[in-house]
Amino acid sequence: MATPELTKIISAIDETSPTSNGFSLENEGESEDGRYVSEELYWAEYYERGDFSYEWNNGYLEEKPVGDYAQYQLYLWFCALLKDFLHVNPIARMIGLEMGFRMKLPKKVTIRKPDLGVVLNSNAAPLGDRDRSYKGIFDLCIESISDSTRKMMEHDTVTKKLEYAAAGVTEYYILDEQGRETAFYRLSSQGVYTLIPPQNGVIRSTVLPGFQWRVADLYSLPEPPQLIEDQVYRAFASPYFRAERVRAEEERVRAEEERARAEEERVRAEEANGRAQQLETKLLREQRRAEQYAAQLKALGIELDKFE
């Protein structure tokens, strides 16, 4: 039997439960993929839901799939490469963290949350420090796809590809750690995506001039020591690692110079000591010679004191 104190606690929990916010505890932990909700309700109740991540497609909730570790490793490598590029070339801002943007298309309205988005500093709609959604159209969208279901894969490879092109997203990258659906698209003058042709296996962005990567490296995931020695990445990859290596090299050079200076000082000290010993030897020799001359003169009866 519940005590009066326990009854009060249960009542307090019931009063703070989210039953009046458009969903109830009965739905908690269950996906609402495919449910029809208004755009207003989506922004109010589903955009920042913690249990599931939803996009909104013309009135219907679409659940974003959960990735696996291998997919995350590829995404993280590419994200780090892009972050390094923008650190060296601060021409844009990149954002993930489930930030969505609204696309008003000819026949529908959708709200998408790309896994990674890039907004150029020159974009007419700047990305603010406190923005929780982006009010413009991303210049570059990146999706890291999951193969959990064919339907979810088609969201990125077909549906979103058509939507991003229609909205004017200049470049669209699809990352697939299994390599089957990996593709890099650029918007043509006709408003459709065309594949970015690799040059010697290297993809080069036009949205971010100078940003480039070798397609094969998406699967081998080279580490910073390899990247900074690679001509494809040398200009921008791993600036912090490179700076540490430069500092270490500078310290090594300074240490070598200090050792060289110490050696020079030691050699000079030895030379000075040698010269001092030579001078002392010379003085002793001359002193003995003078004593010998004095003895000889004395033997002849000549006293040097008389000449002083």
Determine if the range 146-159 includes at least one residue that is part of a helix (DSSP H, G or I), within 22 Å of L82 (Cα to Cα) and hydroxyl-bearing (S, T, Y). yes
Residues (over 55 Å from the mean Cα position of the chain (by Cα) and of a type in the set (A, V, I, L, M)) located in the range 250-289: A272, A276, L279, L283, L284
Restricted to the range 185-213 and to residues being in contact with a Ser or Thr (Cβ under 9 Å, 6 or more places away or on another chain) and free of Cβ contacts under 8 Å to residues at least 24 places away in the same chain, the residue surrounded by the fewest Cβ atoms within 10 Å (Cβ to Cβ) is S188
Hits in the range 36-57 - residues which are in a loop (DSSP other than H, G, I, E, B) and either hydroxyl-bearing (S, T, Y) or in contact with a helix residue (DSSP H, G or I) (Cβ under 9 Å, 6 or more places away or on another chain) (or both): V37, S38, Y47, F52, S53
Going through the range 58-79 one residue at a time, which ones are surrounded by fewer than 16 Cβ atoms within 10 Å (Cβ to Cβ), of a type outside the set (G, A, S) and part of a helix (DSSP H, G or I)? Y69, Y72, Q73, L76
Can you tell me which residue among R204, R214, R275 is farther than 18 Å from N89 by Cβ and out of contact with any Asp or Glu (no Cβ under 9 Å at 6 or more places or on another chain)? R275
Every residue in the range 165-184 that is in contact (Cβ under 8 Å) with a residue 60 or more places away in the chain and in a helix (DSSP H, G or I), please. A166, A167
Examine the range 122-138 for a residue that is touching a helix residue (DSSP H, G or I) at 6+ places or on another chain (Cβ under 7 Å) and either small (G, A, S) or not in a strand (DSSP E or B) (or both), and state whether such a residue exists. yes
Of the conditions (1) assigned to a helix (DSSP H, G or I); (2) modelled with pLDDT under 95, the single one that L82 does not satisfy is (2)
Assess whether A92 counts as being free of Cβ contacts under 8 Å to residues at least 40 places away in the same chain and small (G, A, S). no
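The values are calculated or read from the model by the stated rules, or taken from the named source; none is laboratory data. This one's a predicted model, so the numbers in the text were calculated from it and none came from an experiment. Don't worry about glycine lacking a Cβ; one is built from the backbone with ideal geometry, like all the others, and counts go over all protein chains shown.
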